[in-house]
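Take a look at the structure set out below.
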Amino acid sequence: MNEGLDYLLKQEPDPVSITLNDYVKAYYGKNILKFDPKYEETITEISEKVVELNPRIPYDGRINEYGNHLENTVVAAINEVCVDVKDLGAMTLGTGYPDIRFKYDNKWFYVEVKIGGPDLWVKPSSFRMFYTSTPKPKVKERKDIKDGYHLLFHFEHNGPGKLTGRYRITDLCEFEYQAHGRKQEGSSKDLYGNGKNPVIERQRFATR
């Protein structure tokens, strides 16, 4: 199946639309599950905890590396909110999709972490904000994707190390993006400009 998707993308002269479900099924043989609303409260708690912990885990580096730093804050937030995962260990997964995995209520969750400037999702653009690629064997072993939920955590920032407190959490089940050979990319327009609604959204600014 892996070779089938690679072959298809290599043969197509123009970009083709694929879903993240296609990608996970082709390379990992697993299914992306539609997000269950019963977990909204837990995911909201995690998101709020990220905003709370962010000042305690300071960052003063380059803005284009802030997202990588924030992954560690998200892991810390998960391990504070989801007691069940402390023994299993929510963890970052390195370069490539997805960024983080954790197990809660006997279900696997996979998280992609993104940051953006003010109102990025209000005015979706065609700039790349999401990508996948053909995973090498060692990457597949490290990611070890199982059947589970896939979510994109998108936090608004106001400079390196500064979160505004606004965020969107989107279910990536059936997320459609463009693939052209090994180049597989999605933009905020793909994510937010096609009527796909976030499962959780906080539009108010942080007061702390």
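The values are calculated or read from the model by the stated rules, or taken from the named source; none is laboratory data. All figures in this text were calculated on a predicted structure; none of them were measured in a lab. Here the Cβ is made from the backbone with ideal geometry for all residues, glycine too, and neighbour counts use every protein chain on show.
Let me confirm something: among ILE43, ILE32, ILE57, which residue is more than 15 Å from ARG168 (Cα to Cα), β-branched (Val, Ile, Thr), in contact with a Leu (Cβ under 8 Å, 6 or more places away or on another chain) and surrounded by 13 or more Cβ atoms within 10 Å (Cβ to Cβ)?
ILE32
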Do you know which residues across region 133-170 are surrounded by fewer than 22 Cβ atoms within 10 Å (Cβ to Cβ), closer than 22 Å to LYS25 by Cα, in contact with a strand residue (DSSP E or B) (Cβ under 9 Å, 6 or more places away or on another chain) and modelled with pLDDT of 90 or more?
LYS143, ASP144, LYS146, ASP147, GLY148, TYR149
Could you tell me whether any residue of region 120-135 is without any contact (Cβ under 8 Å) to a residue 12 or more places away in the chain and either over 24 Å from ILE78 (Cα atoms) or in contact with a His (Cβ under 8 Å, 6 or more places away or on another chain) (or both)?
yes
Could you grab me the full set of residues in region 46-76 that are among the aliphatic types (A, V, I, L, M) and part of a helix (DSSP H, G or I)?
ILE46, VAL50, VAL51, LEU53, ILE63, LEU70, VAL74, VAL75, ALA76
Which condition from (1) more than 19 Å from ASN21 (Cα to Cα); (2) buried (at least 17 other Cβ atoms within 10 Å of the Cβ); (3) modelled with pLDDT under 90; (4) of a type in the set (Val, Ile, Thr) is the one that ILE115 breaks?
(3)
